[in-house]
1. Can you confirm whether the range 218-227 contains a residue that is under 30 Å from residue 439 (Cβ atoms) and surrounded by 23 or more Cβ atoms within 10 Å (Cβ to Cβ)?
2. Considering (1) assigned to a strand (DSSP E or B); (2) under 19 Å from residue 256 (Cβ atoms), say which one residue 147 fails and leave the rest.
3. Can you go through 40, 22 and tell me which one is at pLDDT 75 or above and farther than 30 Å from residue 389 by Cα?
4. Of all residues in the range 169-183 being in contact with a strand residue (DSSP E or B) (Cβ under 6 Å, 6 or more places away or on another chain) and under 15 Å from residue 85 (Cα atoms), which is surrounded by the most Cβ atoms within 10 Å (Cβ to Cβ)?
5. Within the range 111-119, is there a residue that is closer than 14 Å to residue 163 by Cα, without any contact (Cβ under 8 Å) to a residue 60 or more places away in the chain and surrounded by fewer than 18 Cβ atoms within 10 Å (Cβ to Cβ)?
6. Return only the number of the condition from (1) buried (at least 16 other Cβ atoms within 10 Å of the Cβ); (2) assigned to a helix (DSSP H, G or I); (3) modelled with pLDDT under 95 that residue 286 does not satisfy.
7. Among (1) surrounded by fewer than 22 Cβ atoms within 10 Å (Cβ to Cβ); (2) touching a residue at least 24 places away in the same chain (Cβ under 8 Å); (3) in a helix (DSSP H, G or I); (4) out of contact with any strand residue (DSSP E or B) (no Cβ under 6 Å at 6 or more places or on another chain), there is one condition residue 140 misses while meeting the rest; what is its number?
């Protein structure tokens, strides 16, 4: 094969990457515009009104917070204490002990004076066997219910909680997440602020709690993480939640609610059969499924999104754990896209089928694979001496500058909206992270996504991976 054919192939590849880059630039520009409009609208809409009236109202709806727990003996008591201190009246905390092998159950029984009770269980609901249901003997812990069951994974534990709940709404969270005291007030307001559409789900921003000071299950001081991996993830989360998901919320096309903080209309969750226990991306899949159900039934509905910093969680500080996490996300993404492939460019599902699903397909799934292939293609072209250096330098510089600019805007808008990090040193650190992230952190994310897709496509068995946490810093 002569150089002429190589040059033709290279030209076609250049065109493909150029068009792909232009489309992404346009999409991200539109996304920034939509997220800004939605943030301003949210601020104006919520600048008046007293949330405490919701808590005091006898009409306030009932909510069950479902928190799966597996081998959480070190932090379970404090985590439950935090959940029991939320500013709301009509709610229940349901901790599902998913077959823990340590003393998680014993810690809960001893600390909260629990005793086993009798409760009727639907034998037709699919979940691993329940070994016992516990309530506290003390009135002060009357909101707490503990379910002890055989291990079946997070999805199975959530399904158990949904089935045993009697309340109108269910909140599915990670047991080690820290919720702000007024979190449920914001959630309830989001469920009830619509009059013509049924709100079937409410999601929210996830904030990074690494290095923050925690006392008695309460956030005492917000600090920038000291670990560099955590800092990069903080920047990534800011971009994703403040810009990305706000934009999708603006056009009512949000297709994912984080598993760490998601609230749902229990009736609709039950109607679609609960969480899929055969995927590691259950938080994304349940939203796909609920949205499809409402479309198929021709019912007016919406999914709400709360940009207020209501939920704080610890992100991985170990490279291996981070890669495992992103590997799992990639597999869950692909599993969900495969399962709901009938939505792809299907006008029946409106914006979901024509905009949201294609975005997830081309950007969330395909883009990392193209980046990976493109990297090795460049190495081959350099070796063969046929690379167009002018084009390569121009497009690489443009992409880099654009990605840094998006990160700068996310930092700026977060400061304007919520001003969580007030120290000049912290803001300069985030700016530095934005400058080096495309060169240092992004390749790790791409590698993890490629590894996850490889495992899924070639049917290599892999579960959740290690999720070891250091625990929050305490005063």
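1. no
2. (2)
3. Answer to the check: 40.
4. 183
5. Yes, because at least one residue in the range 111-119 is closer than 14 Å to residue 163 by Cα, without any contact (Cβ under 8 Å) to a residue 60 or more places away in the chain and surrounded by fewer than 18 Cβ atoms within 10 Å (Cβ to Cβ).
6. (3)
7. Status for residue 140: all satisfied but (2).
Residues checked against (1) modelled with pLDDT of 95 or more; (2) buried (at least 19 other Cβ atoms within 10 Å of the Cβ); (3) closer than 25 Å to residue 35 by Cα:
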position: 408; (1), (2), (3): yes, no, yes
position: 418; (1), (2), (3): no, no, yes
position: 440; (1), (2), (3): yes, no, no
position: 458; (1), (2), (3): no, no, no
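The values are calculated or read from the model by the stated rules, or taken from the named source; none is laboratory data. Just so you know, these numbers come straight off a predicted model, no measurement behind them. Please note: Cβ atoms are built from the backbone with ideal geometry, for glycine as well, and neighbour counts cover all protein chains shown.
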